[in-house]
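Some notes on the structure that comes next.
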Amino acid sequence: MLLCVSVKAQIVFSNGFESWTGNVPDNWVGSLTTLEPDSILQYTANVHSGTKACRLVNQGASLKFSSLPITFDSGYTYFVSYWVRGHGQISLVAINNTNISGGGMVDTLGWIYRSAQYTPASTISAELVFTVRQTNLDKDDIQIDDVLIYRKKFNETLALNNVRAPFSSYNSLFWDFTSTANYEVPKGSGKTSLFASAFWIGGLASNNSLHLAAGRFRSNGDDFFQGSVNCPADSFNYIWKINKTDIDDFIGHYYTGNMSGYTIPASIINWPASSSYNPNQAPYFDNNSDEIYNPYDGDYPCIKGDQMLWWVMNDSLKPHTESGGLPLGIEAHVYAWAYNPNPANDTLIALTNTTFLRYEVHNLSQETYHDTYFGFWTDGDLGQYSDDYIGCNVKQNSMYFYNGDSIDGDGNGRTYGTFPPVQAIVQLNGPLADAGDGIDNDRDSVIDEIGEKILMSGFNYFRNSGAYYGDPETAIEYYNFLQGFWRDGTPLTYGGTGYGGTLPAKYVFPGNSNPYGWGTNGAPQPEWWQTGTPDDIRGVMSSGPFTLEPNETVIYDIAFVWSRIYSGAQPEWILNNEADVDKIIKWYNYQNIDGCSSILNVKSVNNNFTNFKVYPNPCNNLLNLSFGKIINSNCTISILDLTGKTIYTKELKYFSSNETISVTNLDEGIYIVKVITNNEQYISKFVKSN
């Protein structure tokens with residue numbers, strides 16, 4: 001357990017009694033300690049870890065043994081644990097006069113593990129207090145070792161642009177787990193466009209048994225649990241939050257040698273990067289390629305967007321009480337991010353109203369799953385929860401919610417009033433199609449091309465009750481929806497409500513977005529929109545079938561695109577959202593480079609380049625490139641920003657021993673200069689300063 005916790009670096013106190021000053025253990029014997037100094041002893045005979053433990057002697061009434069003051073921040077829950085053996089009564093009695101554990105009698109020669117939790121009402125500085133009494137001298141009294149406090153945070157918020165998007169490390173997003181929607185757009189308005197969302201996955205094992213993990217409102221329990229498959233849930237119940245500005249600032253200080261007086265942000269220090277127990281944790285740039293995350297060596301987190309959240313969940317820790325499905329043995333690394341651009345054009349305006357989400361799904365089992373589907377479920381609640389319609393855009397791989405009439409509520413509270421918005425959920429990336437499956441999975445009119453991705457292969461809706469269109473309750477009912485069927489296994493059909501017709505279909509309410517008959521076996525059909533009484537409606541879009549191999553990793557990317565215009569009616573509102581979704585898809589396809597682009601790790605492929613120099617660095621005007629030799633071939637010089645976007649290119653028929661580039665017009669920041677010849681390339685960082 002200690003190994004799992006230590007690598008995630010959210011520790012606020014860790015003490016194994018290895019360091020003593022005289023007869024006093026370091027960081028102990030606080031002001032609340034009432035044990036006599038000669039009753040606090042080093043113990044080396046049978047420690048839990050390391051070479052020392054602490055023996056506490058008190059054969060009489062309760063006395064206290066406390067730490068030096070520890071800071072406990074509000075907004076967190078703290079997990080406190082320790083190991084104990086011997087004979088006597090010991091309790092973790094208090095933090096700031098708050099009892100956190102009853103403790104009790106210990107009478108064992110073996111080490112036992114105890115833990116408790118503490119949530120401060122406000123930020124405080126307090127001592128951790130043990131009480132000890134009635135110890136037995138013949139049994140070496142009480143010994144404690146490996147006292148650990150780390151903080152847990154299972155929810156966090158993206159609030160950088162025009163969206164306030166709360167996330168939790170449970171597989172149920174955007175709401176408060178009681179009855180309140182919290183996906184707020186515009187930020188600060190109190191108006192919300194989404195109630196809850198969750199990731200689904202289901203597939204068949206080699207014996208055709210169904211394995212499935214899903215989520216909705218957690219009313220029946222959970223199918224996903226916090227943390228890595230290799231670590232207990234409580235030791236990884238955390239969402240990490242980081243800003244690109246902090247990383248840029250760190251890079252600027254480190255790569256200019258200007259670290260004096262600079263404090264590395266806690267978000268960089270505490271990044272849960274790759275570790276010995278799980279080498280595939282949070283991504284980071286390894287400056288010296290030693291495979292050890294250490295910001296003091298120039299390492300820093302790789303992020304997407306201008307602000308990002310990152311957490312881990314798995315489906316293996318406990319039985320699945322939401323769906324009742326068998327576990328798959330998967331671990332999902334989840335990324336949520338947003339951009340905060342200067343809205344100088346329509347694309348950037350759309351970006352300010354968009355949130356992105358990635359599920360990086362790792363199959364850590366030894367099972368090959370066939371007929372596997374990913375799904376994304378959403379309960380929209382666009383303002384007023386009971387007056388919504390739902391639809392999908394087959395061309396854009398999206399589902400969307402819009403108001404069933406021209407006015408959403410009365411405009412007060414969470415409702416939008418006149419000219420309500422449209423909220424789309426867009427699939428941007430998905431699993432690789434099985435080779436030779438004979439399906440045009442990405443609908444580009446090419447079947448079985450290399451690298452073909454499965455995008456939105458189906459879309460259906462349901463309500464909170466109903467025989468065939470109600471919420472799923474069992475694993476097979478969830479899997480039916482993933483396959484594009486109704487809850488009872490009946491195929492979706494084209495037209496009307498989608499139930500009981502004659503033409504099988506894959507997409508319900510596609511409007512006019514399906515001109516080529518995708519999902520109806522290539523037979524184009526008339527437009528199909530939802531009609532009837534608006535309702536509290538939910539949708540699920542799916543991606544499959546595909547084969548999920550052992551140790552395979554699959555990326556599933558989603559965007560939440562909110563749009564609003566103050567004119568027109570439903571058709572115009574939907575068209576406006578469609579235009580914004582198109583901009584976001586193009587942005588994603590163009591900008592989809594991780595925060596640590598592979599360009600940062602390219603090494604020279606020719607020893608002649610070892611004398612390459614870029615100076616001055618930092619540079620505010622003219623940047624000199626020097627090789628100390630003439631390169632007798634055509635070459636290209638490029639400057640890229642840290643997203644990998646090329647912002648300057650120069651073609652040369654030959655590269656002399658020196659070349660000068662003006663960088664006067666570049667903004668302050670970190671850039672990459674890249675030189676490519678016929679058979680060589682070299683890349684170096686430089687800092688633009690003013």
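The values are calculated or read from the model by the stated rules, or taken from the named source; none is laboratory data. Fair warning: this is a prediction, and the values are worked out from it, not measured in the lab. In this analysis, Cβ positions are derived from the backbone assuming ideal geometry, glycine residues included, and neighbour counts consider all displayed protein chains.
Only one of the numbered conditions (1) part of a loop (DSSP other than H, G, I, E, B); (2) more than 24 Å from D387 (Cβ to Cβ) is violated by G190, and that is (2). Among the residues of region 474-494, is there at least one that is in contact (Cβ under 8 Å) with a residue 40 or more places away in the chain, within 33 Å of the chain's Cα centre (by Cα) and surrounded by fewer than 16 Cβ atoms within 10 Å (Cβ to Cβ)? Yes, some residue in region 474-494 is in contact (Cβ under 8 Å) with a residue 40 or more places away in the chain, within 33 Å of the chain's Cα centre (by Cα) and surrounded by fewer than 16 Cβ atoms within 10 Å (Cβ to Cβ). Across region 217-247, the qualifying residues are those that are modelled with pLDDT under 85 and part of a helix (DSSP H, G or I), and the one among them that is nearest to Q307 (Cα to Cα) is F236.
For every residue, the table says whether it meets (1) charged (D, E, K, R); (2) within 42 Å of the chain's Cα centre (by Cα); (3) more than 30 Å from E156 (Cα to Cα); (4) modelled with pLDDT of 90 or more.
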residue	(1), (2), (3), (4)
T21	no, no, yes, yes
H48	no, yes, yes, yes
V57	no, no, yes, yes
S66	no, yes, yes, yes
S74	no, yes, no, no
T77	no, yes, no, no
W83	no, yes, yes, yes
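Among the residues making up region 248-294, those that are under 18 Å from E360 (Cα atoms), at pLDDT 80 or above and touching a Ser or Thr at 6+ places or on another chain (Cβ under 9 Å) are A282, P283, Y284.
Kindly evaluate I407 against the criterion of being within 23 Å of W200 (Cβ to Cβ) and assigned by TED's automatic domain parsing to the domain that holds Y284. Show your work before the answer.
Values: within 23 Å of W200 (Cβ to Cβ): no; assigned by TED's automatic domain parsing to the domain that holds Y284: yes.
Against the criterion (within 23 Å of W200 (Cβ to Cβ) and assigned by TED's automatic domain parsing to the domain that holds Y284), I407 does not qualify.
Among the conditions (1) assigned to a helix (DSSP H, G or I); (2) at pLDDT 95 or above; (3) aliphatic (A, V, I, L, M), I599 misses just one, which is (2). Residues that are surrounded by 18 or more Cβ atoms within 10 Å (Cβ to Cβ), hydrophobic (A, V, I, L, M, F, W, C) and part of a helix (DSSP H, G or I) within region 561-582 comprise W573, I574, V581, listed in sequence order. Condition first: at pLDDT below 95 and under 24 Å from the mean Cα position of the chain (by Cα). Can you find one or more residues in region 369-390 that meet it? So far as region 369-390 goes, yes, one or more of its residues are at pLDDT below 95 and under 24 Å from the mean Cα position of the chain (by Cα). Among the residues making up region 517-530, those that are surrounded by fewer than 23 Cβ atoms within 10 Å (Cβ to Cβ) and in contact (Cβ under 8 Å) with a residue 60 or more places away in the chain are W518, W529, Q530.
Quick grid of which residues meet (1) free of Cβ contacts under 8 Å to residues at least 24 places away in the same chain; (2) touching a helix residue (DSSP H, G or I) at 6+ places or on another chain (Cβ under 8 Å); (3) closer than 30 Å to I239 by Cβ; (4) polar (S, T, N, Q):
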| position | (1), (2), (3), (4) |
| --- | --- |
| T51 | no, no, no, yes |
| T77 | no, no, yes, yes |
| G86 | no, yes, no, no |
| R133 | no, no, no, no |
| I144 | no, no, no, no |
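What number goes with the only condition from (1) in contact with a helix residue (DSSP H, G or I) (Cβ under 9 Å, 6 or more places away or on another chain); (2) closer than 19 Å to N429 by Cβ that E452 does not pass? The number of the failed condition is (1). Go through region 531-554 and report how many residues are buried (at least 20 other Cβ atoms within 10 Å of the Cβ) and assigned to a loop (DSSP other than H, G, I, E, B). Counting residues in region 531-554 that are buried (at least 20 other Cβ atoms within 10 Å of the Cβ) and assigned to a loop (DSSP other than H, G, I, E, B) gives 1. Filtering region 494-530 to residues that are under 13 Å from Y469 (Cα atoms) and not in a loop (DSSP other than H, G, I, E, B) leaves nothing. Within region 413-443, the residues that satisfy the criterion of being under 25 Å from the mean Cα position of the chain (by Cα) and either of a type outside the set (V, I, T) or surrounded by fewer than 19 Cβ atoms within 10 Å (Cβ to Cβ) (or both) are Q423, A424, Q427, L428, N429, G430, P431, L432, A433.
Does I330 fit the bill of being of a type in the set (V, I, T), out of contact with any helix residue (DSSP H, G or I) (no Cβ under 8 Å at 6 or more places or on another chain) and buried (at least 17 other Cβ atoms within 10 Å of the Cβ)? Write out each step before concluding.
Details: of a type in the set (V, I, T): yes; out of contact with any helix residue (DSSP H, G or I) (no Cβ under 8 Å at 6 or more places or on another chain): yes; buried (at least 17 other Cβ atoms within 10 Å of the Cβ): yes.
So I330 passes the test.
How about region 348-365: which of its residues are hydroxyl-bearing (S, T, Y) and over 19 Å from the mean Cα position of the chain (by Cα)?
Step one: list which residues in region 348-365 are hydroxyl-bearing (S, T, Y), which gives 352, 354-355, 359, 365.
Listed by number, the residues that qualify are T352, S365.
Among the criteria (1) without any contact (Cβ under 8 Å) to a residue 40 or more places away in the chain; (2) under 23 Å from the mean Cα position of the chain (by Cα), the one N288 does not fulfil is (2).
Of the residues I251, I149, which single one is among the β-branched types (V, I, T) and part of a strand (DSSP E or B)? Give the derivation first.
Values: I251 fails: part of a strand (DSSP E or B).
Sole residue among the options that is among the β-branched types (V, I, T) and part of a strand (DSSP E or B): I149.
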